[in-house]
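Undergrad: Got a structure here, written out as structure tokens. Questions coming.
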Amino acid sequence: MVGVHRASVTELCAKDYNAEQISAWTGKHSTDAGKQRWVDKIQSDLVWVLEIEGTIRGFAHFRLLSEPYLSGYLNALYLAPAVAGLGYGRQMLNTIEDECLYRNINHVQTHATKNAFSFYKRMGFKQNGEIYVVHMSGVGVESFPMEKNLCADPANS
């Protein structure tokens, strides 16, 4: 998963983020502490892995939230550059949304990167705030807060 993350950020985000941002973004997972965070996330949250012919080609990390109502936060959806744009991101997001509905979760939030913003819009997400800056190793990386209501009846969300 770390390799997919690194390749995805390094290659797919390069047109939207500078070298310092890319380095900070990918470097946070290369330390022992960073690798332990991956293990902790896998054990505590929902994680999906896209495997093609025995090789990990993508993953998604989703955290269940309970405040102020039952909802979820899509923390990550990364694809290897070789499979980006082939429909796997859509399939993974549909799987996540199906799992949410199974768990009676009607509201999903995320912070979309610049390069993923249009993907999430096509998938029905709406921007719900100003650009958000995450600081990684002291370097700011911009993202867009987004949300999607999975419930057909807005009164039930």
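FYI, it's all coordinate maths here, none of it is from the lab. Since the model is a prediction, treat every value here as computed from it, not as a measurement. Using ideal geometry, Cβ is built from the backbone for each residue, glycine included, and neighbour counts are taken over all protein chains shown.
Undergrad: With θ set to phi - 60°, apply the Karplus curve 6.51 cos²θ - 1.76 cosθ + 1.60 along the stretch 129-134 and write out the HN-Hα couplings as whole Hz, x wherever there is a Gly or Pro.
TA: Whole-Hz 3J(HN,Hα) from phi for the stretch 129-134: x, 6, 3, 10, 10, 9.
Undergrad: If you don't mind, there's one more thing I want to ask. Pop a pseudo-label 7 angstrom from the Cα along the beta-carbon direction at both ARG37 and ASN75 and give the gap in nm to one decimal.
TA: Those two pseudo-labels are separated by 0.9 nm.
Undergrad: Also, I was wondering about something else. Using 0.36 nm per residue of separation minus the Cα-Cα distance, give me the extension gain between LEU64 and LYS15 in nm, one decimal. Intermediate results must be reported in sequence, preceding the final value.
TA: Details: separation 49, 0.36 × 49 = 17.64 nm, distance 3.15 nm.
Here the answer is 14.5 nm.
Undergrad: Please build a GNM for the chain, connecting alpha carbons under 10 Å apart, and tell me which residue among LYS126, LYS15, LYS114 fluctuates the most.
TA: With Cα springs under 10 Å in the chain, the top fluctuation among LYS126, LYS15, LYS114 is at LYS15.
Undergrad: Rounded to the nearest 20 debye, what is the charge dipole size of the stretch 2-156 about its Cα centre when +1 sits on each Lys and Arg Cβ and -1 on each Asp and Glu Cβ? Write down the numbers at each step before the final one.
TA: Numbers: 15 positive and 16 negative charges, 42 e Å.
Using Cβ point charges on Lys, Arg, Asp and Glu, the stretch 2-156 gives about 200 debye.
Undergrad: Quick one: length gained pulling GLU130 to SER23 fully straight, 0.36 nm per residue minus the C-alpha distance? Walk me through the numbers on the way to the answer.
TA: Values: separation 107, 0.36 × 107 = 38.52 nm, distance 2.43 nm.
Taking GLU130 through SER23 to full extension adds about 36.1 nm, to one decimal.
Undergrad: If you average the C-alpha positions of the stretch 1-43 and of the stretch 71-130 separately, how far apart do those two centres end up, in angstrom?
TA: 18 Å
Undergrad: Sticking with this one: Check cross-link reach from LYS41 to the lysines: straight Cα distance under 17 Å, and skip same-chain residues fewer than eight apart.
TA: LYS28
Undergrad: Neighbour counts of other C-beta atoms within 10 Å: give me ARG57, ARG37 arranged from fewest to most. Walk me through the numbers on the way to the answer.
TA: Numbers: ARG57 21, ARG37 13.
The order, fewest Cβ neighbours first, is ARG37, ARG57.
Undergrad: Taking GluC sites (Glu not before Pro) that fall in a DSSP loop and have at most 12 other Cβ atoms within 10 Å as cut points, what is the longest piece of the chain between them?
TA: Details: sites that count: GLU53, GLU130.
Answer - 54-129.
Undergrad: Please give the residues of the stretch 74-95, grouped as numeric ranges, whose backbone N is less than 15 Å from a label point set 7 Å along the Cα-to-Cβ vector of ARG122.
TA: Residues 79, 83-94 qualify, since their backbone N sits under 15 Å from the label point.
Undergrad: Something else: For the residue pair ARG90 and SER44, what label-to-label distance in nm results when each label sits 7 Å from Cα along the Cα-to-beta-carbon direction?
TA: About 3.5 nm, to one decimal.
Undergrad: Per DSSP H run of n ≥ 4, the term is -39500 (n - 2.57); total these for the chain, divide by its residue number, and report the mean residue ellipticity at 222 nm rounded to 500 deg cm²/dmol.
TA: When only DSSP H runs of four or more count, the value is -9000 deg cm²/dmol.
Undergrad: Please report the relative contact order for the stretch 2-156, taking Cα pairs under 8 Å with a sequence separation of at least 6, and give it as a percent rounded to a whole number.
TA: Working: 222 pairs, mean separation 32.1, N = 155.
Result for the stretch 2-156 is 21 percent.
Undergrad: Going by C-beta contacts inside 10 Å, put PHE59, PHE119, PHE144 in order with the fewest on the left. Write out the running numbers ahead of the final one.
TA: Values: PHE59 23, PHE119 17, PHE144 20.
Going from least to most buried by this count: PHE119, PHE144, PHE59.
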